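Have a look at the structure below, then the notes.
The values are calculated or read from the model by the stated rules, or taken from the named source; none is laboratory data. This one's a predicted model, so the numbers in the text were calculated from it and none came from an experiment. Cβ sites come from the backbone with ideal geometry, for glycine too, and all protein chains shown count toward neighbours. For the accessible areas, the whole protein counts, side chains as well, though only heavy atoms, and no ligand, DNA or RNA atoms are used. Shrake-Rupley method; radii C 1.70, N 1.55, O 1.52, S 1.80 Å.
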Amino acid sequence: MSRAADRAGRILRAMQMNAEYTSFVALGDSFTEGMSDRLPDGGYRGWADLLAGSLAARTPGFRYANLAVRGKLIGQIVDEQVPLAAAMDADIVTLVGGLNDTLRPKCDIDLVRARLEEAVITLAPSCGQLVLMRNPGRNGPVMERFRPRMEQLYTFVDELAGRHGALFVDLYGAGALGDPRLWAVDRLHLTAEGHTRVAEAVWQALGLPPRSDWTEPLPPAVPPGWYRRWGSDLRFAREHLVPWIGRRLTGRSTGDGRPPKRGELLPYPYEL
């Protein structure tokens, strides 16, 4: 039996068995690595780990790899992560990348789209189900500067999914995920609750029974006073914005020299 036929058979069997997926590989940057859903040991959990845990609870022997590394650009994801993922022949592969490129001072959006399409062309035939996403978005003066590039990228991701039979999860269009309370103090990464919602969004996109409404808005909040807002903005600028700008200007990344989060496709325990 050919590899393609075997893959098709696995997909059909998963559908017939209520989508009992047996393996999952996640590719990307800090969003998929799990920042800022911090664990007691100082590491990060994140939506991909949560999704893997839920899938493992359904299927004994479930295997999971997370090749994501914070700060990676799409070219690095394509060169370093895509070949590894394609060789793993997993039931599910998620690919989220390109946003870091759009946040650089100079960005060749045509090159970003070309590299992203290269990744999809490689991954779509080599896995059971490819999942593409648009990152969740938060309003703010920093992000507004880059929003036109981001939206060009996200429009292209939507088109790619349609052309290559990938599932498409639109986190960017979910108003609830724009709530500042779902974002960490760095204003770039989701909190634990935000990652939980993303995991549920992908879970449902895979055809699995809903467990919660990930799009439900948070309860109304009392707006913080001027002094509290000022203090929060000052802390953000000092601890996160200034270092982030410095890295963008010098071409450095917090992921330089960092290995993948979970570099091999191995059995994954349900306990997180």
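Counting Lys +1, Arg +1, Asp -1, Glu -1, what net charge surrounds residue 212 among other residues with beta carbon under 15 Å of its beta carbon?
With Lys, Arg at +1 and Asp, Glu at -1, the net is -2.
Students sometimes get this wrong: rank 59, 196 by accessible area, probe 1.4 Å, all chains present, largest first.
196, 59
Suppose R0 equals 45 Å; then what is the FRET efficiency for residue 111 and residue 57 from their Cβ-Cβ distance, rounded to the nearest 0.05?
Rounded to the nearest 0.05, the efficiency is 0.65.
Give me the net charge of residue 47's neighbourhood, meaning all other residues with Cβ under 12 Å from the Cβ of residue 47; Lys, Arg count +1, Asp, Glu -1.
Details: positive: 45, 197; negative: 33, 37, 49, 193, 200.
Neighbourhood net charge equals -3.
Which value, in debye to the nearest 20, describes the size of the charge dipole of region 34-175 about its Cα centre when Lys and Arg Cβ atoms bear +1, Asp and Glu Cβ atoms bear -1, and nothing else is charged?
That gives a dipole near 400 debye.
Using the per-residue mean of other Cβ atoms lying within 10 Å as a proxy for protection, in what order, highest first, do the peptides 65-74, 49-58 fall?
65-74, 49-58
Once you have a ≥ b ≥ c as the square roots of the Cα gyration tensor eigenvalues for region 27-154, tell me rounded if a/c is under 1.5, and otherwise prolate or oblate according to whether a/b is larger than b/c. Kindly include the intermediate steps, with their values, before the conclusion.
Working: a/c = 2.17, a/b = 1.32, b/c = 1.64.
Taking the square roots of the gyration eigenvalues as a ≥ b ≥ c, region 27-154 is oblate.
Using θ = phi - 60° and the Karplus form 6.51 cos²θ - 1.76 cosθ + 1.60, what ³J(HN,Hα) does each residue of region 55-65 get, whole Hz, x for Gly and Pro?
Running phi through 6.51 cos²θ - 1.76 cosθ + 1.60 with θ = phi - 60° gives 5, 5, 5, 8, 9, x, x, 4, 10, 8, 10 Hz.
To the nearest 0.05, how large is the calculated FRET efficiency for residue 181 and residue 41 if R₀ is 25 Å and r is the Cβ-Cβ distance?
The pair residue 181/residue 41 has a calculated efficiency of 0.50.
How far, in nm, would the chain grow between residue 121 and residue 266 when pulled straight, counting 0.36 nm per residue and subtracting the alpha carbon separation?
Roughly 49.7 nm would be gained on extension.
Hey, with R₀ at 22 Å, roughly what FRET efficiency would residue 147 and residue 168 work out to, going by the Cβ-Cβ distance, to 0.05?
0.65
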